[in-house]
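Asks: Below is one structure. I have some questions about it.
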Amino acid sequence: MANWFITGISRGFGRIMAEELLARGHTVVGTTRDGRAPMLHDRLTVFRLDVRDADQADAVLAEAVATTGGIDVLVNNAGYGLVGAVEEVSAAEAEAVIGTNLIGTHNVIRAALPAMRAQGRGHIVNFSSVGGFAGSVGFGLYNAAKFAVEGLSEALALELAPFGIGVTIVEPGYFRTEFLSADSAVQAVATIDAYAQSAGVTRSNVSARNGLQAGDPAKGVRAIIAAVEAPEPPLRLPLGADCIARMESKIAQVQADIAAWRDTAIATAFDN
């Protein structure tokens with residue numbers, strides 16, 4: 001059995017993952033913003049953590065390691081979405097969504113790594129999204145935050161391989177969690193009429209689609225655990241047919257751009 005540390009277990013993927021792991025006999029250390037435990041279990045410890053607070057992250061991870069004897073799997077799940085056209089999003093709103101989704105993930109990783117390196121093993125799971133691989137109308141700043149998580153994770157995987165620590169990026173499509181609720185998918189305050197038929201439609205669709213998503217989060221959680229426990233865990237774990245379709249569409253577009261502009265791109269070197 002393993003020791004799992006999961007941020008954001010109050011609801012959604014985090015809570016379902018904690019419940020599944022406890023049912024399998026694992027030990028779970030979870031965090032919530034208010035420190036309240038969403039469930040009671042003798043193998044569950046819950047800490048209050050605002051992932052944006054680096055000092056708090058250091059303290060919580062140190063106590064978690066002392067309590068469990070070491071973290072085997074670190075899951076960066078805490079985050080939220082921001083809906084609005086790029087031009088509609090204020091500087092403060094941009095800083096907040098990047099602060100939680102990217103800087104918060106970075107804070108928790110930095111706090112966990114000294115002990116994980118010392119034990120010479122472990123695995124880090126960073127929640128991204130299909131929106132961290134392919135951009136979409138009305139989610140530009142959320143896309144930016146999750147794209148950054150993916151870049152961080154790719155570099156991290158290379159840096160940590162010599163220490164026996166793996167990294168997996170989880171990229172869910174639309175799953176029936178609370179992600180599209182008003183608490184998790186925050187809407188930019190400003191609206192610009194010019195975007196009514198683009199980002200404005202996205203704003204309307206977010207609430208309309210809540211509760212109708214095709215993805216089953218319990219199945220998603222089981223897929224994540226299976227990937228982590230696999231002999232060779234993947235760097236990327238896309239989840240959902242919608243995610244696969246969007247990823248394949250983007251890959252095809254990138255390949256088309258490369259094919260169309262290959263000669264021009266190659267011809268930019270200095271002449272010998």
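Asks: Compute the signed sum of charges (Lys and Arg +1, Asp and Glu -1) over the other residues within less than 9 Å, Cβ to Cβ, of GLY84.
Replies: -2
Asks: For the range 63-107 and the range 114-134, write down the distance between their C-alpha centroids in whole Å.
Replies: Taking the Cα centre of each part, the range 63-107 and the range 114-134 sit 13 Å apart.
Asks: Have a look at ILE165, ILE124, ILE192 and tell me which one the Gaussian network model of the chain (Cα, springs below 10 Å) gives the largest fluctuation.
Replies: ILE192
Asks: Can you give the relative contact order of the range 97-196 as a percent, counting alpha carbon pairs under 8 Å and 6+ residues apart?
Replies: Across the range 97-196, relative contact order equals 32 percent.
Asks: Then there's this: Relative to 2.2 N^0.38 Å, what does the C-alpha radius of gyration of the range 59-165 come to as a ratio? Two decimals please.
Replies: Details: Rg = 15.4 Å, N = 107, 2.2 N^0.38 = 13.0 Å.
It is 1.19.
Asks: List the relative contact order of the chain as a percent without decimals, with contacts defined as Cα pairs under 8 Å and 6+ residues apart.
Replies: Relative contact order comes out at 19 percent.
Asks: Going by average Cβ density within 10 Å per residue, which order do the peptides 35-41, 10-16, 65-71, 252-258 take, highest to lowest?
Replies: 10-16, 65-71, 35-41, 252-258
Asks: Tell me, what is the percent relative contact order of the range 30-70, built from C-alpha pairs under 8 Å that lie six or more residues apart?
Replies: Taking the mean separation of contacting Cα pairs over the length of the range 30-70, I get 32 percent.
Asks: Which residue fluctuates most in the GNM of the chain (Cα springs below 10 Å): ASN205, ASN126, ASN143?
Replies: Looking only at ASN205, ASN126, ASN143, the largest GNM fluctuation is found for ASN205.
Asks: Classify the range 184-272 as rounded, prolate or oblate from the Cα gyration tensor: take a ≥ b ≥ c as the square roots of its eigenvalues, call it rounded if a/c is under 1.5, otherwise prolate when a/b beats b/c and oblate if not. Mind dumping the intermediate values first?
Replies: Details: a/c = 2.87, a/b = 1.20, b/c = 2.39.
It is oblate, given that a/c is not under 1.5 and a/b is not larger than b/c.
Asks: A follow-up question, please. Taking the Cα-to-Cβ direction at ARG43 and at THR268 and moving 7 Å from each Cα, how far apart do the two end points lie in nm?
Replies: Rounded to a tenth, the inter-label distance reads 5.2 nm.
Asks: Carbon and sulfur: what percent of the chain's accessible surface (1.4 Å probe)?
Replies: Answer for the chain is 55 percent, counting heavy atoms of protein chains only.
Asks: Find the accessible area per residue for the chain; the probe is 1.4 Å, ligands and nucleic acids are left out, and the unit is Å².
Replies: The answer is 49 Å² per residue.
Asks: Along each of the three principal axes of the Cα atoms of the range 127-253, give the extent in whole Å, ordering the values from largest to smallest.
Replies: Answer, in whole Å and largest first: 52, 31, 28 Å.
Asks: State to the nearest 20 debye the size of the charge dipole of the chain about its Cα centre, where the only charges are +1 on K and R beta carbons and -1 on D and E beta carbons.
Replies: Dipole about the Cα centre, nearest 20: 660 debye.
Asks: Right, next: For the pair TRP261 and ARG209, how long in nm is the line joining their label points, each one 7 Å along Cα→Cβ?
Replies: 2.8 nm
Asks: Evaluate the range 1-106: find the radius of gyration of its Cα atoms, find its Kirkwood radius, and give the ratio Rg to Rh.
Replies: Answer for the range 1-106: 1.03.
Asks: When every alpha-carbon pair in the chain is counted, what percent end up more than 30 Å apart? Let's see the in-between values first.
Replies: Values: 11345 of 36856 pairs.
Tail of the P(r) past 30 Å holds 31 percent of the pairs.
The values are calculated or read from the model by the stated rules, or taken from the named source; none is laboratory data. Remember, predicted model here, so these are calculated numbers, not experimental data. Here Cβ is always computed from backbone atoms with ideal geometry, including for glycine, and neighbour counts include all displayed protein chains. Side chains included, ligands, DNA and RNA excluded: accessible areas come from the protein's heavy atoms. Shrake-Rupley method; radii C 1.70, N 1.55, O 1.52, S 1.80 Å.
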